[in-house]
Structure formats: C-alpha cells, structure tokens
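Below is one structure, written out as structure tokens; comments come after it.
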Amino acid sequence: MKIQFLGAAREVTGSCFVIETEKARFAIDCGMHQGGAETEKRNWDTEIYDPANIDFFLITHAHIDHSGLLPRMVKNGFRGRVYLTEPTGDLVKILLLDSAHIQETEAKMKIKRLQRYGKTEKVVPLYATKDAQDVFPLIETKTYNQVFSPAEGIKVIFQDAGHILGAAIVELFIEENGTSTKLVFTGDIGRRHQLLMEDPVRISEADYLFMESTYGNRDHRGEEESLNEMAEAIAYSYAKGEKVIIPAFAVERTQEMLYSLYLLNRDGKLPRDMPVFLDSPLAIKATEIFRSYHSYFDRETQSILKKGEDPLDLPQLQFSSSTEQSMRINEMEGSAIVISASGMCNAGRIRHHLRHNLWRPGASIVFVGFQAQGTPGRKIIEGVKKIRIFNEDIAVQAKIWTIGGFSAHAGQSQLLDWLGHFQNKKMPVFLVHGESHAQDTLAALIREKLGFDVSIPEYLEEINIRAGAITEEVKTPRAAKTPVDIAPMLADLKAKIDDINAQTGKFASLPDSKQNEIIELIRQAGLTIEDIKPVL
C-alpha cells in the first residue's frame, strides 16, 4: 500500500494522509492548512487530493485543521462516505458552516478592497455554505470500539483519543495478499487528567504507528499551577479595571475555560461582580453539543453533574450571540472576562477585542492554546511590539500570558508514556502533526528511551508499505522540492526600493494633503510601487 502525507508533515496544520491499497483509496482526516499566506495557498491545490477518486474519509475529530477541507473535496468531486464518531458528526457540521461563512465573508471583503482601487478581479471563496451543507448527507457516525468495514479488505475501530469531545484514535486493519497489517493513526492525543475528557485509550499492538508530536519538545504545567496562573491574570486586570481577553478555540478549549472558571468561582478566586462573556456564536453552539453528550465526559465531570451542578455554567456568565451584543462588550467600562474565537486570533470576533484592548497596559491577553507559525497569536506571544489588525497598527501594551497547562494535547512525557505501551519494538513510528524542532527532540528521545525506529515525513512525501513488512522494508521517497533561489527576489526588491527613492524628490514637493493621501495608500495591504505611481 502507499501512503502520502498531504498535511501535518513538519507542521501542525492541514492533517491529511491518503492511503492507497489494492482495492481502495481513502484518507485519514481532511484538514485545512492554517498559518501564513504561503501555507494557506495549499488549501486551493485540490488537484493533489484527487477528491473524485477518494472512496471515503476517516475523520479523527472535528477541529478545522483535521476536517476543514471536506467542503472543498465535495465541491471538487468527492462523493464517498465520511466516517467519524457521533459527537464529531455534530461538531463538524457547525464548524464547517462557520468556516464557510468565514470564506464567503473574506472573499466579499477582498472584492470591496479591490474595487476601492478600481480593480475588478474575480474573487471566489475557498468554498461556500452550500458546499459545507453538501458534506452532511455523506456523514456516517460510529461509536467507540465499534468494528466497521468501509471497503473490502479494510476494518476500522475508533478509540477514545481523550483530546476533545468525540476525538478518535484510528485502528486500521488492511488485508493484502492474504496478510493483515495494522496501522494506528493517533489523530491528536489528549492530555491526561484533562477537564471533561477521559484519558486517551492505551494501545499495545500495531505494525505501523503515525503519531502526533505537537508538544514533543516540552511538557505542560500542572493543572493546579495553570488554574492559579489564570486566577493571577484575572486578579491583575480586575485590580486595574481592565478586561481579560482569552482567545479560545470554539470546540473544547472554550468549554475547558468555562470549567476552569467554574472551579475558580467555587474556590472564591473569581470576583463575583466580574462579568464573563462567551462572545462566539460557534462556541455557544458547541457548548450546547457538549451538554448533550454527558456520557462521553470523565467520571469527575459526571459526578459534578449528578450533584445538580453544571461545570459549563457560572452565575455571571453571559452569552453574546449577536454583533450588537459583541460591540457592547467593548463599549462597557470596567473589568470583564471575554472568551472569544478564533483561538489563533486570525479570524472572528477576537480581533475586535484585541483591537480594543491590546494597547491597554492594564489588560490581560491570555493564550491557552497552540499558536501556529504565521498566525497573529504566534506573533503576539513571540513579543512583537505592534500588530496589524483591521489595517491599524496596534501597540502591544497589555500583559501577555501563555498558560500551556490547558492544552488538549499530551506533552512530551505523556507522549513517551503512551508510546511505551506498544509491544512490537520493530514497529516503525512516523511523527506527524508537529513543528520540526518539536519532532526532532521527540524522535531522539524515542530512539534513546524506547528503541523504536522513527521517521519524520515531509509535506507530499510518499511511503510504500508491503503487507506484513518489517521496518527495514519501509521505503520513503522524498517529495521533490522546488529549489530556493532568493537572488531574483532580492534583485526585484532592490529595483522597487531604487524606484521609490527616485520618487522622493517629487513626493516632497507635493502638498501636505497629497502626501498624506500617498502615505495612507502605502499603509494598505498588498500595494506595490505600481499602485502608488499614479498619484505621484
């Protein structure tokens, strides 16, 4: 069989692994690529997926970096089944509709921006609401531990990954040439002792393992330490009469934040007069879905529910569904806690809250989830002094908190512990869903402490696996890379700078009003010297 890595290879985004056997072609996950502009261009390259010739998808969980390209696949010819767990099915529907709305909105905004410059280029969204809706009839839900056969010679079992509601580890059994080969794809492995979720199921047997490595280079803070740090952030901004802004993924992280605030409130560490706003229509819908799947919660959560308490509720909690309600949050005086999406600050209402609060010295911006390379959230935690939001350069003067203990991903030690339960020491391990530095660190530890053979696939790389093959027979032809040649880019940049310098004298002779007009044009995203020349 052949496996190609179409995402989550040396990166934490775009999870998709296409598998070709003698009788089927299918994929594990279908994630959207998120991050910088270059990374997101991959979302448009539908041809490499060949969606019309994919028989089915196995989706590990609902997060957009694992499910977000399903509408794009349907739009371009996919007509097979989409298998996932029951909670994942409900969550995927609301997430894909929200994603489609974002794609449509961004396309409309780009059209208006081009029109302001007198351009009439055609702009289409990555996919539309109808494309997302067209995925729904293809969804077929399964329960944990249920054995099913999506194609001849293939059996699948979903196991609890302990990551988010309904997240699954995929046990995949493939029959070829009379021999059965077992592959395990972890999806995202959850952190032990996480609020709401059960611990990830331990698996002891496989022929090949494809394991996530998001936090392969570090461990998380302890749960109690993280709660205390959250309480510290709240106390800091409450004392200064400013807001606490929490960018949070709508699914799982938001619910864990509500649970954490419930615990702080119970322990007297949350001011009673400090309102808590959940400002995300998507997160509100997701929270209701969480409430409908109590049987998936861990024992501690179910014990709280049996007492008649709701760990996803607070006396001062307010849901903000409408745009008007969201705007009023930033108009109100005094301190408040605002939980909003997106978790990486690259879309949604969180950008408005950052625009209104990042520049306030007494405010707190609390990051509680992974921030991918190139996202605004990553830039903020890496210490930028200013960040561009809605065509404004906003000063970063709020206090920035990064609390890793709330992660839904296993840390380094927990990944090693989970892997250590596998008995077949000849089992090849492929590290996916991680950035290079995290993967390299984890790979070295796995080889040293556990003795497994470890590979780290590249984007578009293919591997060939023969049924029942041993480690030495795994072939890993590397994907051809485009040679990097920076010289032409630098030459073009120098020419543009020389051109600008040549215009300096003419610029200085213009009236102040015209100079200000040119400066404003320069500030707009995407302009080149050719755009500016007409006004000089």
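Observations on the structure shown:
- Net charge dipole size for the chain [Lys, Arg +1 and Asp, Glu -1 on Cβ; Debye, nearest 20]: 1200 debye
- Distance between the stretch 142-182 and the stretch 242-271 - C-alpha centres, whole angstrom: 35 Å
- 14 Å beta-carbon shell around TYR236, net charge (K/R +1, D/E -1): +2
- Near the amide H of ARG360, within less than 5 Å, lie the amide hydrogens of GLN397, ALA398, all on another chain or at least 5 residues away, with H placed in the peptide plane.
- Cubic angstrom per residue, convex hull over Cα atoms of the stretch 175-253: 142 Å³
- Highest mean packing first, where packing is the average number of other Cβ atoms within 10 Å per residue, the peptides 328-336, 74-82, 130-138 line up as 74-82, 130-138, 328-336.
- Mean separation of Cα contacts under 8 Å (6+ apart) over length of the chain, as relative contact order %: 17 percent
- The count of lysine pairs in the stretch 223-405 that are at least 8 places apart or cross chains, and whose C-alpha atoms lie under 27 Å apart, stands at 19.
- Neighbour counts of C-beta atoms inside 10 Å place TRP418, TRP44, TRP359, TRP401 in the sequence TRP44, TRP359, TRP401, TRP418, starting with the fewest.
- Remark: the stretch 272-279, residue by residue, has Karplus-estimated 3J(HN,Hα) of 5, 9, 9, x, 10, 10, 9, 9 Hz, where x stands for each Gly or Pro and the curve is 6.51 cos²θ - 1.76 cosθ + 1.60 at θ = phi - 60°.
- Packing here is the average count of other Cβ atoms within 10 Å per residue, and on that basis the peptides 293-301, 57-65, highest first, run 57-65, 293-301.
- Total formal charge among the other residues, if their Cβ is under 15 angstrom from that of LYS112, Lys/Arg +1 and Asp/Glu -1: +3
- Base-10 log of normalised Debye intensity for the chain (one unit scatterer per alpha-carbon) at q = 0.06, 0.13 Å⁻¹: -0.32, -1.35
- Rounded to whole numbers, the Karplus 3J(HN,Hα) couplings from phi for the stretch 20-35 are 10, 10, 5, 10, 7, 10, 8, 9, 8, 6, 8, x, 7, 7, 10, x Hz, using 6.51 cos²θ - 1.76 cosθ + 1.60 with θ = phi - 60°, and x at Gly and Pro.
- Pairwise centroid distance, computed over Cα atoms, of the stretch 273-352 with the stretch 14-69, Å: 30 Å
- Placing +1 on the Cβ of every Lys and Arg and -1 on the Cβ of every Asp and Glu, with nothing else charged, gives the stretch 320-399 a dipole about its Cα centre of roughly 240 debye.
- Phi-derived couplings, Karplus 6.51 cos²θ - 1.76 cosθ + 1.60 at θ = phi - 60°, listed residue by residue for the stretch 392-401: 10, 8, 9, 5, 9, 10, 5, 7, 9, 10 Hz, with x used for Gly and Pro.
- Less than 5 angstrom separates the built amide H of ARG10 from those of HIS433, GLY434, all sequence-distant by 5 or more or on a different chain.
- Among the listed pairs LYS75/LYS108; LYS2/LYS155; LYS2/LYS449, a Cα-Cα separation exceeding 23 Å is found for LYS2/LYS449.
- Around the amide H of ILE394, modelled in the peptide plane, lie the amide H atoms of ILE387, ARG388, ILE389, all under 5 Å away and 5 or more residues distant in sequence or on another chain.
Read-outs: derived from the displayed coordinates by stated rules, not from any lab. What you are looking at is a predicted structure, and each value in this text was computed from that prediction instead of being measured. Please note: Cβ atoms are built from the backbone with ideal geometry, for glycine as well, and neighbour counts cover all protein chains shown.
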